[in-house]
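The values are calculated or read from the model by the stated rules, or taken from the named source; none is laboratory data. Model, not experiment: these values are computed from the prediction. No Cβ is skipped: glycine too gets one built from the backbone with ideal geometry, and neighbour counts run over all protein chains shown.
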Amino acid sequence: MELAIVWMLFLPRRVRLICFCIVTPWEIGVILTANYAFLNYLVLVLGILLLDDRSLLSWIPGRLRDPLEHVSAPESAEAAEERLSVVATTEERFTPSSHAPNSKPARPNPRDLRGIPAHLRAIRIAVATVLLTWIAYDTTAEMLRMPWPDLPVFTSPIIALEPFRIANQYGLFAVMTRGRYEIEFQGSNDGENWTPYLFLHKPQALNEAPGLYAPYQPRFDWNLWFASLTDFQQAEIVPLTEERLLEGDPDVLSLFRGNPFPKAPPRYIKAVLWQYWFTTLDEKSLNGDWWRRNLLGLYAPVLTRDPSGKFAVVQWPDELPPHN
């Protein structure tokens, strides 16, 4: 889709229509079977631009189709020849003859070719060319470093452009994971019995079916999935969420399905890492569970608040087993 079919966008009309017929059912199928937020809806809508007026006329109601057909109808050969004949006659009538006395050939006005507007136009083109080339180099280098991390590339342009976040690998998923890993926040008042905070947009309970939320993108849940692929030092969202839960922050609590500690925030908060698998058909028919899961360990430090209100670490996590 991304490397081959996309080139059909630049080919003649018939090929573009074939591209539309490929992309449209493809995107509808992805929308019905996946949760890629608004991305596939954007591609589906952009695909309509592959259609021209003649392609869309059959979908227009009859009372509106006649004037549109008159405007969009292709010009016949006879009509085109007659129109060109009229234009040629008009030009001959109002164009000075080369044999006429005192007639001089028309020369372009130098001011039309030079001046500040022309220079500004050239500067705009030059700047756009440099910037687009820069972004293209950054993107290409990032993509090549995916399969070959040690590939020697000139990194200064990449580093300089990084703060602007306008160039990257441009892949929806740079790496596809084979397992489902989930970070779960849990609270406790005694350090022994822990209660989970349930997410709004993804299942945690073993008997909870996957939901369909696209085109809405639940960014909190989404970012936690990326965080699960690394450690808490590289995913500050996790310890920061622990701190906000200890404070009972209403904005952070609204990101969850509910507050399991409605009277007061818990004394302790921790984040653990689970690995989920779909159950087999036999397992689901036996107990109704969609999932089975295994606790991999503590993901982030167990936090509490001391009498002064400062955050303190109760327990540091051990190194988690490798997962991908």
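Restricting attention to helices (runs of 4 or more DSSP H) lying wholly within segment 235-303, give those where 3 or more residues are farther than 18 Å from residue 205 by Cα.
Numbers: elements: 237-247, 250-253, 281-287.
It comes to 237-247, 250-253.
A quick yes/no check of all residues on (1) in contact with a Ser or Thr (Cβ under 7 Å, 6 or more places away or on another chain); (2) at pLDDT 90 or above:
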{"position": "156", "(1), (2)": "no, yes"}
{"position": "163", "(1), (2)": "no, no"}
{"position": "172", "(1), (2)": "no, no"}
{"position": "183", "(1), (2)": "yes, yes"}
{"position": "208", "(1), (2)": "no, yes"}
{"position": "216", "(1), (2)": "no, no"}
{"position": "220", "(1), (2)": "no, yes"}
List the pairs whose first member sits in segment 251-274 and is farther than 20 Å from residue 299 by Cα, whose second member is small (Gly, Ala, Ser) and crowded, with 18+ Cβ neighbours inside 10 Å, and whose Cβ atoms are under 8 Å apart, counting only residues at least 6 apart or on separate chains? 260/187; 261/187; 265/187
Within segment 175-199, which residues are part of a loop (DSSP other than H, G, I, E, B) and either closer than 20 Å to residue 270 by Cβ or in contact (Cβ under 8 Å) with a residue 60 or more places away in the chain (or both)? 175, 177, 178, 179, 189, 190, 191, 192, 193, 194, 197, 198
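Results for (1) within 21 Å of residue 195 (Cα to Cα); (2) at pLDDT below 95; (3) of a type in the set (A, V, I, L, M, F, W, C), shown as yes or no for each residue.
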site: 269; (1), (2), (3): yes, no, yes
site: 287; (1), (2), (3): no, yes, no
site: 301; (1), (2), (3): yes, no, no
site: 320; (1), (2), (3): no, yes, yes
Scanning segment 38-70 for residues that are surrounded by 13 or more Cβ atoms within 10 Å (Cβ to Cβ) and at pLDDT below 85, the one nearest to residue 23 (Cα to Cα) turns out to be 55
Any idea which residue in segment 293-316 is farthest from residue 236 (Cα to Cα), counting only those that are surrounded by 15 or more Cβ atoms within 10 Å (Cβ to Cβ) and not aliphatic (A, V, I, L, M)? 293
Lone unmet requirement of (1) within 30 Å of residue 3 (Cα to Cα); (2) outside any helix (DSSP H, G or I); (3) touching a Ser or Thr at 6+ places or on another chain (Cβ under 9 Å) for residue 225: (2)
Somewhere in segment 234-249, is a residue among the basic types (Lys, Arg), assigned by TED's automatic domain parsing to the domain that holds residue 295 and surrounded by 19 or more Cβ atoms within 10 Å (Cβ to Cβ)? no
